[in-house]
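Notes for the one structure printed next.
The values are calculated or read from the model by the stated rules, or taken from the named source; none is laboratory data. The structure presented is a predicted model; accordingly, all values stated were derived computationally and were not measured. When we count neighbours, we look across all protein chains shown, and the Cβ atoms used for this are built from the backbone with ideal geometry, even at glycine.
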Amino acid sequence: MYIVNHHRRINAVFLLFFIFLAFCIARLLFIQFFRATYLKGIAKKQYNLFVELEPRRGTIYDANLKPQAVNISIDSLYAVPNEIPELDKERITKKLSPILDMDYSSLKDKLYRQKAFIWLARKITPGQTEAIKKLNIKGLGFLKETKRCYPNGYLASHLVGFAGLDNVGLEGLELLYDRSLKGENGFAFFLRDARQKRLDLYENMVVPKDGYDLILTIDEVIQYIAEREIDKVYRAYRANSASIIVMDPHTGAILALAKRPTFDLNEYAKVSRAQIHDSAICDLFEPGSVFKIVTASAALEEKKVVEEDKFFCENGSYKVATHILHDHTPHGWLTFREVITESSNIGTTKVAQILGPQTLYRYVRLFGFGEKLGIDLPGEISGSIKEPRLWSKVSIGAIPIGQEVGVTALQLVSAVSVIANGGQLMKPYLVREIRDKYGETIKAISPQLIRKVISIDTASRMKKILTGVVEDGTGKLAKVPGFTVAGKTGTAQKLEPNGAYSHDKFIASFIGFAPAEDPAISVVVTVDEPRPYYFGGVVAAPVFKNVVSDTLKYLKTHPSVLEALASHETDRDN
Amino acid sequence: MKIPKFLAAIFFITLLSLLYVWQQTEIFRLAYAAQKQQTSFQNLLDKNTVLRYNIKRDSSLTRLGNKFFQQSDFQMPETYHLVRLEYSKGNMVLSESQPNKEGILSRLFGIKRQAEAKTIKSPNPLVVGSY
């Protein structure tokens, strides 16, 4: 009886175990065949860490491969408020606030939030990192991020532009070439251990594609010279703004572009829109007498006048329709050459009357006014020039002398480059080459001819006339010892809000190139509302002189510059 | 006969399993060690980048130029101010062909500025790249 019962009990236990085993096997089979994918997913989430891999943003170099915008790896400070004891938060805030230069109450507010993660300060300086690490505060941590830095501060700030906190281009070339510069994100599934720490073992990885580097046409030294001189004139004449562009007239490559007021690229968040605004390509203004180069070139190209043709300049007062035109100094008879060198409004108007509105308009457009020249910078405007059918009877006395037209400084430097290079309008450009991180060229940008505007002969004759402006005319202060310089002064009255021309607000300008025989650079200088002096020949011409003088000394490789320097020194030795 | 085979199989399976476990732990141990070194290396690299950036910033034209031009009236050098150095037998020596030396007349009568990039306001003469 006992044995039977014993066997039954054993069988019952075995049965129970068997049922349990069968249940387990069934459950395992169910999990294996029906729940595997789901559970695998959950497990992967626990031990896999998805990390987006940030690409390196491309560097921006000047023409001599000197970096203008670079990335540096820098710490960002975060807090885990839940891990910080409530009693310590006040003390920590007091310690961190001066180090981070942050408002005490906003920092305290962040630390008291019931969150698992919160940024306290992003992209802090290495000094701040060291100071915070020394405090050894539990609940604070650092994450590496890359920061866009600009070693030259304010140099070329308007054209380089800047990238924001997330390394996305916001202004200038950083914005326009953002797609090339930023590269493509990669990702990886890293393993992490039981403490949720990342381990550099990955299951799957897509390597990030680093951004391309930009090589600019800008030369850091020329840019510095331009910045230095424009800064001097901006301060000395308490101007509203001032800008300068230096261009290689043969290629259209911009060698320097500077503007005042300016800003430090590393402090872009603290500046106003007005400081960031690039007036050299985004602002239009009436150019005044510098525009006479268009009228003069058109007259020579159309063979309507020759240099020695004489014009009576009405002793300084000439009626055009309902308006009376004046010269700043009354003149009697002047040759065509003198009309330009003395910048006679009346003489130029008479030349334009010979040409007629249609021809003049055609040349204004040929010189690139009223259209975007296609520079690789965001925000370029086309300027404004009315079609002849919209001209009033006064227009023929205004447009030839640079009134009733709106131009940009870039258009002016391109126009004077037409004369400098023998009659070709070149497309201005800033980026010479796009390279990958190994130095392989991805895209090379060559000079582009927009159109032929005037003949070589006309350009050569215009060079001589413009040389006369500097030698004997209104631009004497632009003379550069040792070089022959060609240029034209401009003093334009600004428009008042009521549409009338102002008598105390002017734009002083100077356009020109040097050496006149074989130009290496062409330059435009514009100064908005200088005071107390406002003549282009007084305010802008000295800037031109200083920039040309130092730039030509620097550009000693240019044959014409070398030749001029050698002859200048021989003259001085003798 | 069957039992020894079974035991041998169990032994080999156990050995392989242990080997696999050892291999896995080694991978993780090395990964931790490598990661530690990688972190140190990255930190040094980052510090190096920051220091290089600081050098670039401190030697930038804006900084140097402002210092020279605003405080000492530094002037752009003429061609005769420049010297050409040549590498010869481990030393840098003045090139024999100095193309733009100051002329004898001007030197005698002192009709032009000396070749030194002079400071005017500063008491310390600056003689970088000049003779």
Out of A:289, A:272, sole residue that is of a type in the set (S, T, N, Q), under 30 Å from residue A:451 (Cα atoms) and away from chain B (no Cβ under 14 Å): A:289
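Quick grid of which residues meet (1) over 18 Å from residue B:53 (Cα atoms); (2) surrounded by fewer than 20 Cβ atoms within 10 Å (Cβ to Cβ); (3) not basic (Lys, Arg):
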site	(1), (2), (3)
A:142	yes, yes, yes
A:155	no, no, yes
A:160	no, no, yes
A:167	no, no, yes
A:173	yes, no, yes
A:178	yes, yes, yes
A:181	yes, no, yes
A:191	yes, yes, yes
Search result, residues across region A:324-346 that are among the aliphatic types (A, V, I, L, M) and modelled with pLDDT of 90 or more: A:334, A:339, A:340, A:346
When residues of region B:50-65 are limited to those that are of a type in the set (Lys, Arg) and more than 7 Å from every other protein chain (Cβ to nearest Cβ), the one nearest to residue A:124 (Cα to Cα): B:52
Complete set of residues in region A:429-461 that are of a type in the set (A, V, I, L, M, F, W, C) and outside any strand (DSSP E or B): A:430, A:445, A:453, A:454, A:456, A:459
Qualifying positions in region A:132-167 - of a type in the set (A, V, I, L, M), farther than 30 Å from residue A:91 by Cα and away from every other protein chain (no Cβ under 14 Å): A:159, A:163
From the options A:152, A:71, residue that is assigned by TED's automatic domain parsing to the domain that holds residue A:210 and under 22 Å from residue A:186 (Cβ atoms): A:71
Residue that is touching a helix residue (DSSP H, G or I) at 6+ places or on another chain (Cβ under 7 Å) and under 18 Å from residue A:294 (Cα atoms), where the choices are A:541, A:486, A:520: A:486
Tabulated pairs, region A:400-427, first hydroxyl-bearing (Ser, Thr, Tyr), second in a helix (DSSP H, G or I), C-beta under 8 angstrom, 6+ apart or interchain: A:408/A:280; A:408/A:281; A:408/A:282
The one condition in (1) away from chain B (no Cβ under 14 Å); (2) under 17 Å from the mean Cα position of the chain (by Cα); (3) not aromatic (Phe, Trp, Tyr) that residue A:209 fails to fulfil: (2)
Leading residue by the ranking (nearest to residue A:400 (Cα to Cα)) among those in region A:339-361 that are in a helix (DSSP H, G or I) and in contact (Cβ under 8 Å) with a residue 60 or more places away in the chain: A:360
Some residue of region A:496-516 being among the β-branched types (Val, Ile, Thr), out of contact with any Cys (no Cβ under 9 Å at 6 or more places or on another chain), assigned by TED's automatic domain parsing to the domain that holds residue A:244 and surrounded by fewer than 23 Cβ atoms within 10 Å (Cβ to Cβ): no
Close pairs (8 angstrom Cβ cut-off, 6 or more residues apart or separate chains): more than 8 Å from every other protein chain (Cβ to nearest Cβ) and crowded, with 19+ Cβ neighbours inside 10 Å in region A:63-81, part of a strand (DSSP E or B) and of a type in the set (Phe, Trp, Tyr) anywhere: A:68/A:61; A:75/A:142; A:77/A:119; A:77/A:142
All helices (runs of 4 or more DSSP H) inside region A:59-145 with 2 or more residues being on the phi < 0 side of the Ramachandran plot and acidic (Asp, Glu): A:86-100
Within region A:464-574, strands (runs of 3 or more DSSP E) holding 1 or more residues that are modelled with pLDDT under 90 and under 20 Å from residue A:327 (Cα atoms): A:486-495, A:501-514
Qualifying residue in region A:369-380 (condition: among the basic types (Lys, Arg), surrounded by fewer than 21 Cβ atoms within 10 Å (Cβ to Cβ) and closer than 30 Å to residue A:430 by Cα): yes
Filter pass, residue A:479 being touching a strand residue (DSSP E or B) at 6+ places or on another chain (Cβ under 9 Å), assigned by TED's automatic domain parsing to the domain that holds residue A:402 and of a type outside the set (Ser, Thr, Tyr): no
Given (1) under 30 Å from the mean Cα position of the chain (by Cα); (2) surrounded by 14 or more Cβ atoms within 10 Å (Cβ to Cβ); (3) hydrophobic (A, V, I, L, M, F, W, C), number of the condition residue A:449 does not satisfy: (2)
Residue list for region A:27-59, restricted to those being among the small types (Gly, Ala, Ser) and touching a strand residue (DSSP E or B) at 6+ places or on another chain (Cβ under 7 Å): A:58
Selected residue (criterion: nearest to residue A:72 (Cα to Cα)) from residues of region B:20-47 that are facing chain A (nearest Cβ under 10 Å) and hydrophobic (A, V, I, L, M, F, W, C): B:45
Criterion violated by residue A:263 - all others in (1) in a helix (DSSP H, G or I); (2) among the aromatic types (Phe, Trp, Tyr); (3) within 14 Å of chain B (Cβ to nearest Cβ) satisfied: (1)
Residue identified as in contact with a helix residue (DSSP H, G or I) (Cβ under 8 Å, 6 or more places away or on another chain) and among the basic types (Lys, Arg) among A:505, A:494, A:476: A:476
Residue A:392 being touching a residue at least 24 places away in the same chain (Cβ under 8 Å), assigned to a helix (DSSP H, G or I) and in the same structural domain as residue A:323 (by TED's automatic domain parsing): no
